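Down below is the structure, laid out as structure tokens.
The values are calculated or read from the model by the stated rules, or taken from the named source; none is laboratory data. Computed from a prediction, not measured in an experiment: that's the story for all the values here. FYI the Cβ positions are ideal-geometry reconstructions off the backbone, even for glycines, and counts take in every protein chain you see. SASA here: full protein model, heavy atoms, side chains in, ligands and nucleic acids out. Shrake-Rupley method; radii C 1.70, N 1.55, O 1.52, S 1.80 Å.
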Amino acid sequence: MAERSVEEFLKECQQSGDSAYAALRSVLERLEDQKTRVQARIFLADLQKRFPSKEARDQCFDSYHFRIEDIFLDQYEGYQGRKKLTTMVIPSIFIPEDWSFTFYEGLNRHPDSIFKDKSVAELGCGNGWISIAIAEKWLPLKVYGLDINPRAVKISWINLYLNALDEQGQPIYDGEKKTLLDRVEFHESDLLGYCRDHDIQLDRIVGCIPQILNPNPDAMSKMITENASEEFLYSLSNYCALQGFVEDQFGLGLIARAVEEGIAVIKPMGIMIFNMGGRPGQGVCKRLFERRGFFVNKLWQTKILQAADTDISALVEIEKNSPHRFEFFMGLSGDQPICARTAWAYGNAGGRISHALSVYSCQLRQPNQVKKIFEFLKNGFQDISSSLDLSFQDDAVADEKIPFLAYLASILKESSFCSYEPPAGSKQFRNFIASFMKTYHRIPLSADNVVVFPSRTVAIENVLRLFTPSLAIVDEHLTRHLPRQWLTSLAVESNGTDDPSEDVLTVIEAPRQSDLMIELIKKLKPQVVVTGMAQFEAVTSAAFVNLLDITREIGARLFLDISDQFELSSLPGSNGVLKYVAENPLPSHAAIICGLVRNQVYSDLEVAFVISEEEAIFKALSKTVELLEGNTALISQGYYGCLFHELLAFQLADRHPPAKRECEKAKSAELIGFSSSTLSVLSNAELSITEPENTSPIHMDVDQSFLPVPSSVKAAIFESFARQNMADSEIDVTPIIKQFINSNYGFPVDSKTEFIYGDSTLALFNKLVLCCIQEGGTLCFPAGSNGNYASAAKFLKANVVNIPTNSENGFKLTEKALSGVLQSVSKPWVYISGPTINPTGLIYSNKEIETILHICAKVGARVIIDTSFSGLEFNFKDGCDWDLVASLSKLNCSNNTSFCISLLGGLSLKMLTGPLKFGLLVLNQPVLIDAFHSFPGLSKPHSTVKYAVKKLLGLRELKSGDLWEAIAEQISNFKSRSKHLKEILTNCGWDVLESHAGISMVAKPSAYLNKIVKLNNSPKDGSSTENSTTYEVKIDDSNIREVIYRATGLCINSSSWTGIPGYCRFTIALEESEFKRALDCILKLRASLVTEVF
């Protein structure tokens, strides 16, 4: 470009603001070219001299649409830097005024090291003067001046050259021999988009950006280009659009988005500094940062006049539609706040209004964890960010909650995060417990010494049911949730009968003080003792040793509760019990119980564990928890696992591993063993296969879904833990449960109906079994029922009768078979899985269930309808929709008042909730309700679970959206898998009963029975299988499960589980690759036969 005179330049600028911008852009092109840079800078010096006074500069702005002026920085004595900056402005960009000057004053309150050698981004840089001032004063490594207004960026570059070069066009070097051109860049960017796109990590983010919604929202939807109108481009300096954040209601949505974008690009020790207008109120401004996990420091606060060209009518509209009131003042001296409506009226009448202006410096309290949380939220979960609250009065609460939310975010990022875990508890969680004991208490434990329970109460009740002592002494502080019958029985000696149903377990309450407890033990000679320790006795091991001695002497089992003394801390207090166990093996007759309830965040979130160094106790307790509870909620284990991890993560690996030790055998009177009945059930029940180390069996033998979890479920889970101070109405699931069971089953409810919720459906079922036993009833299972339920009932010593079924009817209940059994038993309780039958996958139609209920009503049977496996029907025929209200209205039950229906259910399968466990039970008969509550030891869902369930059920009832579509997709997937599995099994010689619903099907290995299969001997000590020997086995009903597992690694259920002679059960809710592996295993079995199937 040929050089132009000042006069020619001004003549072009005079035409319009757009012409002036075009002329300035050509000057910038000359500045960017090193060949013309010097002359271009001299030209700007001459141009500035043309307007020496303020009046002349104002006239220039009005006539030529630009202004060059100086901003003086030497406002205090002793300032060592440059005295002034020379800057240019044009009408279409933000013009420096009190708003930005106050912001710079706030920056000045930081120590000089705040920006030195740091990477800095300024948001909404306008004409760039603050970015240049930061670079000039503090010598940062790099300053990125960012603005969404393309004209602002061009003018900023001109201002950079104005200050990087002197009036002769020569570079101005700082003390490090660098110029401002080395330290500053300007880029067009929507907030931090440029840094994000270029993977720039920042030490500091500063911002002075708009905080008032545009009164004309449509204007903000225009494309932002440098050719847009001056009015529109200038409005970007004063107004913002809705950003989709809760802070939009205060005009702070753009700040909120800037903060969340900043979390992604700021370095762990980085600092954000923002200029905040106090119009919404100081508390609102501060909370914007605190709820996102920041420590906040207010650097500077003053009052400034509200800009006359800013329309605050949008704030008036917000006040009209909400209880919030903004804060303005009448003039600069006013000290009583007025609302936006009053301020608007006063301003329109000619009055001057002001507002507070504050500069906040913010630093993340746990940066790496907070970054993980926001990374999760930005990937499709922005809608729940309004529920996030990382503000804490107590740092100890923050230290627990933030790492857990980060952990939760990391596992929710995976498409499927619910993997199989053994009933004894997550292997990782048990390893954490063992490592904590080893690291902090010097106790050499392994995961195989730890069994996890939903709660301490459940652990104690399970222990007592396992041993079934005639007499147990239990610490009075631990008896509150034990069955009422145990606490009122006076049968302190065995009744001498061999009938297990006649066994009476008597619990005597005892004081916790050890000398009194020991005296009772000596006199009463119980078989089991469960006690805690008084705080003053827990410091040393003396009381524990005395308890060990007396229980060993009389042959009693001792379970010592250390919940009150156990501390999850890097400096745990003295614990006499753990001191003893650190130096001595835990005797075989003793075990330790510990309930984890002392967390800082969720007061009702509990997990418990039992420690035993005797292998037989570990295995028996593992089986007991599987039978009675299923397993402990994985998210609960994850929460406490996160706390353990935080205490272990910084530790070096144990450099002196302790020597292995063997459990000390009790030298005493003969110890009480497991009761013969429970031992028989544990031996014969088909429970989970114990997985050897470094193996990965495929589980087609569990009622669990390992399928991808929909995003709406992930959002509900995360939001439930992220929320603070949830209202009771937000976790009251009963109204939506009523709607759910009515719309799905037409189940009748009235004012007397009781809704009971548990951690699992199995736990609720077992309480019903206890009610049946207490009533002297007989529990009737159709042949072809859930094997876990049938085994649990036997473990609890219920009187169990099987109702025969046959293959011609798909192993459904028939009128003849049901009538025959019910007429021969006393006080029948009938278990029915429906509408979907587990394990066959068939469906009871409304007419079929009506017939069944009619038969039950005639004899006054109590009916348990288990809907846990329903809601995933894929071959659904007309007439399958249940309407229990209509069905019951046809029955004449007046003569059989004992007849009632209890509805049992769970939501994990039908809602695709993965690890989110929730069981429900609906009772309609007052007598049964009273009986149920006499067995109080039920582990109930945590408030976060109820919050998530309520939200998800609400989404499901909409019958549209992400959740509804995901359920429909999975139903289609199950249909396809069921068809594929049937084809594979049929081709391999199995007789398959076609499934119509749910996640399982049954098949008979007809072509395999009495065939010979060659198996490898299990290698020992982890040695290779290459040289292992083989042996041959003849396949029959009793060994089919073990043969398939040993031959292929596939776990299925045999006929002893299904209750149908010869038929095995396969579940299909596996992760996709696991399902393919399972099909390959079925093919592999055929190849393992010594004699061909066909």
Can you give the alpha-carbon Rg of region 119-159 over 2.2 N^0.38 Å, where N counts its residues?
1.05
How high is the FRET efficiency from SER229 to LYS177, r the C-beta distance, R0 56 Å, rounded to 0.05?
0.80
Read through the labelled values (1) 35.7; (2) 34.3; (3) 29.8 and report the label of the one computed as Kirkwood radius over Cα pairs in Å from the structure.
(2)
Give me a comma-separated list of calculated 3J(HN,Hα) values for region 302-319, in order, Karplus coefficients 6.51, -1.76, 1.60 applied at θ = phi - 60°, integers in Hz, x for any Gly or Pro.
8, 10, 9, 6, 5, 4, 5, 8, 9, 7, 9, 5, 5, 6, 4, 5, 4, 4
How big is the gap, in Å, between the Cα center of region 179-209 and the Cα center of region 693-768?
47 Å
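In terms of the ratio Rg/(2.2 N^0.38 Å) built on C-alpha atoms, what value belongs to region 336-433?
On the way: Rg = 22.7 Å, N = 98, 2.2 N^0.38 = 12.6 Å.
The value comes to 1.81.
Hey, could you get me the Stokes-Einstein D for region 260-380, Kirkwood radius over alpha-carbon pairs, 20 °C and 1.002 mPa s, rounded to whole µm² s⁻¹?
Working: Rh = 16.0 Å.
Taking Rh from Cα pairs, D becomes 134 µm²/s.
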How far is it, in nm, from the label point at ASP1036 to the one at ASP62 when both lie 7 Å from their Cα along the line to the Cβ?
11.1 nm
Give, in nm to one decimal, the length gained when the segment between GLU509 and ALA886 is fully stretched (0.36 nm per residue of separation minus the Cα-Cα distance).
130.8 nm
Whole-number accessible area per residue in Å² for the chain, which is evaluated in the context of all protein chains at 1.4 Å:
41 Å²
Give the angle, between 0 and 90 degrees and rounded to the nearest 10, that separates the Cα long axis of helix 961-987 from the longest principal axis of the Cα atoms of the chain.
40 degrees
For region 694-744, I need the span (max minus min coordinate) of the C-alpha atoms along each principal axis, in Å, sorted largest to smallest.
46, 31, 17
How large is the helix-only mean residue ellipticity at 222 nm for the chain, computed as the sum of -39500 (n - 2.57) over DSSP H runs with n ≥ 4, divided by its residue count, in deg cm²/dmol to the nearest 500?
-12000 deg cm²/dmol
Report the calculated FRET efficiency for ASP166 and LYS116 (r = Cβ-Cβ distance, R0 = 25 Å), to the nearest 0.05.
0.55
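For region 92-131, run through the trypsin sites (Lys or Arg not before Pro) and keep only the ones in DSSP coil with at most 15 other Cβ atoms within 10 Å of their Cβ.
On the way: sites: ARG109, LYS116, LYS118; in loops: ARG109, LYS116, LYS118.
Those that pass, being in a loop and sparsely packed, are ARG109, LYS116.
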Contour minus Cα-Cα distance for ASN725 and GLN485 (0.36 nm per residue)
82.6 nm
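How many percent of DSSP beta bridges within the chain run antiparallel, rounded to 5? Write down the numbers at each step before the final one.
Numbers: 61 of 117 bridges.
Taking every DSSP beta bridge with both residues in the chain, the antiparallel ones total about 50 percent.
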Would you work out the relative contact order for the chain, in percent, from Cα pairs under 8 angstrom that are 6 or more residues apart?
8 percent
DSSP loop trypsin sites (Lys or Arg not before Pro) in region 688-766 with at most 13 other Cβ atoms within 10 Å of their Cβ, which ones?
LYS752
Provide the FRET efficiency to the nearest 0.05 for the HIS980-LYS959 pair, computing r from the beta carbons and using R0 = 30 Å.
0.60
Centre separation in Å (Cα based) which lies between region 131-172 and region 830-866:
80 Å
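Quick one: pull the percentage of alpha-carbon pairs in region 1-146 with a separation above 27 Å.
29 percent
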Which angle from 0 to 90°, rounded to the nearest 10, does the C-alpha axis of helix 395-412 make with the longest principal axis of the chain?
80 degrees
Whole-percent pair-distance distribution, where bins are 5 Å wide, for the alpha carbons of region 533-661
2, 8, 15, 19, 21, 18, 12, 4, 0, 0
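Suppose the chain between SER26 and LYS11 were pulled fully straight at 0.36 nm per residue; how much longer would it get relative to their current alpha carbon spacing? Write out the running numbers ahead of the final one.
Values: separation 15, 0.36 × 15 = 5.40 nm, distance 1.45 nm.
Stretched out fully, the SER26 to LYS11 stretch lengthens by 4.0 nm.
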Please compute the modelled spin-label separation between ASN1017 and GLN600, points set 7 Å along Cα→Cβ, answer in nm with one decimal.
5.6 nm
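Restricting to DSSP loop positions (anything but H, G, I, E, B) with no more than 16 other Cβ atoms inside 10 Å of their own Cβ, which chymotrypsin sites (Phe, Trp or Tyr not before Pro) remain in region 827-928? Intermediate values should be presented prior to the final figure.
Working: sites: TRP829, TYR831, TYR844, PHE869, PHE874, PHE876, TRP882, PHE899, PHE918; in loops: TYR844, PHE869, PHE874, PHE876, TRP882, PHE899, PHE918.
Counting only loop positions with at most 16 other Cβ atoms within 10 Å, the chymotrypsin sites (Phe, Trp or Tyr not before Pro) in region 827-928 are PHE876.
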